[in-house]
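One structure is given below, encoded as structure tokens.
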Amino acid sequence: MSTPLQHLAIIMDGNGRWAKARGLPSLAGHQRGAEAAKAAIKAALAEGIPFLTLFGFSSENWARPEDEVKGLMQLLRRYLQSDTAEFHANNIRLRFIGERSRFDPDIVDLMQRAESLTASNTALNLTVALNYGGRAEILRAASRMLFQSYQALDKNEGFAAWQMDEKQFSQYLDTAGLPDPDLVIRTSGEKRLSNFLLWQSAYAEFEFLDVLWPDFDAGHIRQALQNFAARERRFGARIA
């Protein structure tokens, strides 16, 4: 049987196809998808999952049509303004991973305010990946590690990059301080990671669901958790 699930990560995919199937603009799908995300957060709270990570906007998503990107940024801005207080009231800690420099300054400020306000909350650790790509994250981590290594060597402190192990390297990732995901769910029927948590998902279990993200609900999480509980996780070892 599986060990208890600590960290659930979700690739929220299918908003555009959901909207297209209904003859609606893409933004309508993203709006409905945002509501599905809120439902998933409530479900994680109800199931007692300590860590939840949602893939909200990838570094590749900037290539989408300009009006869609502008609508997504406005939607992000609106939810940061309206929902942060609710997260705080529900004892949810909110943090963001990814490269923030491409966002408008007011959005970056809203992110920082949300993180600061909720920093001491303990019921659920919610991480949202925005302008995130797994390969870029690993490159940023390597750059941070090398910079610190050179600083330490200059001070004769004995730290060298080539002495580092995986546990030490993980502290340079955007997800430093978070456990690796136990289960990764992707909706919309696609069966790939799409550059999401590449380092962290090395031994994660996967659920690929044939449901578009706006139709995702608490029942899908419950079923995924039941499937996870029936799995035997070996982490590369042989079970006698």
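Selection of first residues in region 34-54 that are touching a residue at least 12 places away in the same chain (Cβ under 8 Å) and of second residues that are part of a loop (DSSP other than H, G, I, E, B) and small (Gly, Ala, Ser), restricted to Cβ pairs under 8 Å at least 6 apart or on distinct chains, gives the following pairs, ordered by first then second residue: 45/123. Of the residues in region 10-23, not one is closer than 23 Å to residue 178 by Cα and among the polar types (S, T, N, Q).
Of all the listed residues (10, 49), the sole one being out of contact with any helix residue (DSSP H, G or I) (no Cβ under 6 Å at 6 or more places or on another chain) and part of a loop (DSSP other than H, G, I, E, B) is 49.
Are any residues in region 33-71 farther than 30 Å from residue 122 by Cβ and either of a type outside the set (Gly, Ala, Ser) or surrounded by 15 or more Cβ atoms within 10 Å (Cβ to Cβ) (or both), and if so, which ones?
Let us first name the residues in region 33-71 that are farther than 30 Å from residue 122 by Cβ, namely 59-71.
Within region 33-71, 59, 60, 61, 62, 64, 65, 66, 67, 68, 69, 70, 71 qualify.
A short reminder: the numbers here are calculations on the coordinates, not readings from a lab. Since we're looking at a predicted model, the values are computed, not measured. All Cβ positions, even for glycine, are placed from backbone atoms using ideal geometry, and neighbour counts span all protein chains on display.
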